[in-house]
Amino acid sequence: MRVVVLTGAGISAESGVPTFRDADGLWEGHRVEDVATPEAYDAQPQLVQEFYDARRAALAHVAPNPAHEALGRLERALGDDLFLVTQNIDDLHERGGSQHVHHMHGELRSALCRACGSRVAWDGPLVDFPGCPGCGLTELRPDVVWFGEVPYGMDEILVHLQRADLFVSIGTSGAVYPAAGFVTFAARHGARTLELNLVPSEGSAFFDEARHGPAGVLVPAWVDEVLGEVMA
Ligand code: BJW
C-alpha cells in the first residue's frame with residue numbers, strides 16, 4: 001500500500017509550536033497572508049529576520065510528540081511506500097524518527113542566498129546578515145516559502161500523489177494552496193482520503209473519511225491500524 005501523508009502546523013501544536021490560524025496564532029494579530037510574503041521581507045528585513053531567528057532558536061525548547069513519533073514508526077515499517085510531505089518548517093518529524101521528510105515550505109534550519117541561490121544548513125541567527133558560504137554576499141534570508149513563491153519539489157509530490165492508494169492529511173486548515181488541493185488531486189487519481197485534524201478543516205468535505213481530535217491521540221491510533229493491516 002502506497003501512502004502519502006501531508007502534515008501542517010496542527011501536528012506540532014502539542015509540542016508547543018504555535019499554529020498560524022488558531023486563536024493564539026503565531027503572527028500575533030497579523031494575518032499570515034499579509035506578512036508571510038517577499039514584499040514584507042523587502043519592507044522590513046530586520047524584523048522578519050528577528051522573527052525567524054526567534055523561531056529557529058525556539059526549536060531547542062520543543063520536542064516531538066507521539067504523532068511525530070508514530071509517523072517515524074510508520075516509515076520504518078513501510079519504507080519507500082510512505083511519502084511524508086510537510087508544510088512545517090520545524091524539524092520535529094526528523095527528531096521523531098522520520099528520515100525522509102519533504103519540506104515543501106522550506107526549513108528553519110536552512111538559509112537561502114538571494115544572490116546565488118545556495119541553500120545552506122543554518123542554526124544561528126541571520127539578523128546580522130552574515131556572508132553566504134557560497135558567494136560571500138550578505139543576502140541570506142530564511143529558507144522558507146512565502147505567499148507568491150513556488151513550494152519546493154512540486155513535481156515529486158505530484159508523482160507520489162498520483163501513485164498513492166491512501167492520502168492522509170494531518171493538522172492543516174486546508175487554507176493554503178497548493179497543499180489544500182492535494183486531497184482532490186489524489187482522489188482523482190484513485191486514492192482513498194483521510195483527514196486527521198482537531199476540528200473539520202476548510203476542505204473536510206473533500207475527504208472520504210475525517211476523524212477529529214488531537215493529533216497526539218489520532219495519529220498513533222491510525223498508525224497502529226495501518227501496521228495491523230500491513231502485518232496481517
Ligand atoms: C490540530 C491541533 C492538534 C490545531 N491536533 N490538529 C486564490 C485562490 C487559491 C490560491 C491562491 C489564491 N491567491 C493566491 C493563491 C496561492 C497562495 C494561497 O494559497 N493563498 C491562500 C491565502 C488562498 N499560495 C501560494 O502563494 C503558495 N505558492 C503557490 O501557490 O505557488 C504557485 C505554484 C504552486 C504549485 C506549482 C507551481 C506554482 C505558497 C504558499 C506559502 C505558504 N507559506 C506559509 C509560511 C511558511 C513559512 C513560515 O512558517 O513562516 O506556510 S503561510 C502558513 O500557512 C505556512 C503553513 O505551512 C501554511 C499552512 O498552514 P497550516 O499548516 O494549515 O496551519 P493552520 O494554522 O492554518 O492550521 C492548523 C490546523 O491544525 C487547524 O485546522 C487546527 O484546527 C489544527 N490543529 N491543533 C490536530 N493538536
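Values quoted throughout were computed directly from the atomic coordinates according to the rules given, and no laboratory measurement underlies them. Everything numeric here is computed off the predicted structure, so don't read it as measured data. Virtual Cβ from ideal backbone geometry, glycine too; neighbours counted across all protein chains shown.
General observations
- Exposed loop sites, defined as GluC sites (Glu not before Pro) outside DSSP H, G, I, E and B with at most 13 other Cβ atoms within 10 Å, are absent from the longest region of the chain, namely 29-148.
- Dipole size of the range 120-159 about its Cα centre, with +1 on Lys/Arg Cβ and -1 on Asp/Glu Cβ: approximately 100 debye, rounded to the nearest 20.
- Each of T138, T19, T7 has some number of other Cβ atoms within 10 Å of its Cβ, and from fewest to most they run T138, T19, T7.
- Beta bridge orientation in the chain: antiparallel %, DSSP, nearest 5: 25
- Degrees separating the helix 215-231 axis from the principal Cα axis of the chain, which is the longest one: 50
- For the chain, average projected area of the Cα convex hull in nm²: 12.2
- In terms of its C-alpha gyration tensor, the range 134-179 has a prolate overall shape, because the principal axis ratio a/c (a ≥ b ≥ c, square roots of the eigenvalues) is not below 1.5 and a/b outweighs b/c.
- Gained length - T138 relative to E202, 0.36 nm times residue gap less alpha-carbon distance: 19.0 nm
- Cα-Cα P(r), the range 1-116, percent of pairs per 10 Å interval: 12, 42, 31, 14, 1
- About the centre of its Cα atoms, the range 1-123 shows a dipole size close to 320 debye [charges on the beta carbon of Lys, Arg (+1) and Asp, Glu (-1) only; nearest 20 debye].
- Selection from L59, V3, A210, by position along the positive dipole direction of the chain (Cβ): V3
- Diffusion coefficient, µm² s⁻¹, Stokes-Einstein with Kirkwood Rh over alpha-carbon pairs of the range 177-221 at 10 °C and 1.306 mPa s: 144
- Each of L227, L74 has some number of other Cβ atoms within 10 Å of its Cβ, and from fewest to most they run L227, L74.
- D123/L227 FRET efficiency (R0 30 Å; Cβ-Cβ; nearest 0.05): 0.30
- Neighbour-count ranking [beta-carbon atoms within 10 angstrom, fewest first] of V219, V150, V62, V35: V150, V62, V35, V219
- Residue-averaged [θ]222 nm for the chain, counting only DSSP H segments that reach four residues, each worth -39500 (n - 2.57): -9500 deg cm²/dmol
- Bins of 10 Å from zero: percent of alpha-carbon pairs in the range 160-200: 33, 55, 12
- Of Q46, A179, P18, farthest towards positive along the dipole that unit charges on Lys, Arg, Asp, Glu beta carbons give the chain: A179
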